[in-house]
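The values are calculated or read from the model by the stated rules, or taken from the named source; none is laboratory data. These figures come from a predicted structure and were not determined experimentally. Reconstructed Cβ throughout: ideal geometry from the backbone, glycine too, with neighbour counts over all protein chains shown. These accessible areas exclude ligands, DNA and RNA; they are computed on the full protein's heavy atoms, side chains included. Shrake-Rupley method; radii C 1.70, N 1.55, O 1.52, S 1.80 Å.
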Amino acid sequence: MDRADKKELVATLNAVFKGANVVVVAHYSGLTVVQMQTLRRQMKQAGASVKVSKNRLAKIALEGTDVASIGSLLKGPTVIATSNDPVAAPKVAVDFAKANEKFVILGGSMGKTVLNVDSVKALAALPSLDELRGKLVGLLMAPATKIAQLTTAPAAKVARVVQAYASKSEAA
């Protein structure tokens with residue numbers, strides 16, 4: 001890599017780090033190409049991304065970002081997973097680590113908050129942003145549905161009583 005390519009890579013990584021809400025760092029030593037492709041595909045489906053770069057260049061790119069505290073984790077063959085959804089990258093990383101013992105999560109960062117391995121796992125256990133939105137809409141719709149049922153219930157009861165009296169008088 002020549003100097004211009006390195007500067008471009010550092011600028012790109014810096015933009016990624018500034019735009020990401022959560023960053024997860026993991027070791028990937030021993031994974032096959034197919035496994036890495038699977039990881040990339042799963043991350044992309046979840047709305048996250050995976051980057052593999054030289055640790056020295058990644059440390060330079062971290063300067064001036066909120067996630068600069070993860071610089072100490074960048075030792076050895078590391079992969080960096082980022083996402084805007086605070087749950088997407090940790091969830092995929094933890095699920096992938098369960099299936100592949102050679103993928104070892106080291107930690108990460110959510111904004112200026114440093115995450116250890118347990119924090120990443122706890123974050124992965126939370127529901128995703130879309131799931132939370134769905135639950136919120138469901139909670140907001142439930143009272144409206146109950147109100148509609150309550151307002152129509154008395155009218156339906158009156159109609160049944162009238163129908164019962166009508167059928168009783170016809171039978172008599």
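Selection over the stretch 1-60 of residues that are at positive phi and in contact with a Lys or Arg (Cβ under 6 Å, 6 or more places away or on another chain) gives a count of 1. In the stretch 40-55, is there at least one residue being open to solvent by 40 Å² or more (accessible area, probe 1.4 Å), of a type in the set (A, V, I, L, M), in contact (Cβ under 8 Å) with a residue 40 or more places away in the chain and more than 21 Å from Leu126 (Cβ to Cβ)? For the stretch 40-55, residues open to solvent by 40 Å² or more (accessible area, probe 1.4 Å), of a type in the set (A, V, I, L, M), in contact (Cβ under 8 Å) with a residue 40 or more places away in the chain and more than 21 Å from Leu126 (Cβ to Cβ): absent. You will find that of Phe96, Phe103, the residue that is under 16 Å from the mean Cα position of the chain (by Cα) and open to solvent by less than 30 Å² (accessible area, probe 1.4 Å) is Phe96 and no other. Here are the criteria: (1) loosely packed, with under 13 Cβ neighbours inside 10 Å; (2) part of a loop (DSSP other than H, G, I, E, B). Tell me which single one Leu31 does not satisfy. Single failed check for Leu31: (1). A single member of Lys18, Lys6 is under 23 Å from Asp85 (Cα atoms) and modelled with pLDDT under 90, and it is Lys18. When residues in the stretch 10-28 are screened for being open to solvent by less than 50 Å² (accessible area, probe 1.4 Å) and in a helix (DSSP H, G or I), 6 of them pass.
Quick grid of which residues meet (1) open to solvent by 20 Å² or more (accessible area, probe 1.4 Å); (2) within 16 Å of the chain's Cα centre (by Cα); (3) at pLDDT below 85:
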{"residue": "Leu57", "(1), (2), (3)": "no, no, no"}
{"residue": "Ala68", "(1), (2), (3)": "yes, no, yes"}
{"residue": "Ala81", "(1), (2), (3)": "no, yes, no"}
{"residue": "Val87", "(1), (2), (3)": "no, yes, no"}
{"residue": "Gly107", "(1), (2), (3)": "no, yes, no"}
{"residue": "Val114", "(1), (2), (3)": "yes, no, no"}
{"residue": "Ser128", "(1), (2), (3)": "yes, yes, yes"}
{"residue": "Ala144", "(1), (2), (3)": "yes, no, yes"}
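When the criteria are applied in full, Met1 meets the requirement of being open to solvent by 70 Å² or more (accessible area, probe 1.4 Å), of a type in the set (A, V, I, L, M) and not in a strand (DSSP E or B).
Of all residues in the stretch 78-106, exactly one satisfies the criterion of being touching a strand residue (DSSP E or B) at 6+ places or on another chain (Cβ under 6 Å) and more than 17 Å from Met43 (Cα to Cα), namely Leu106.
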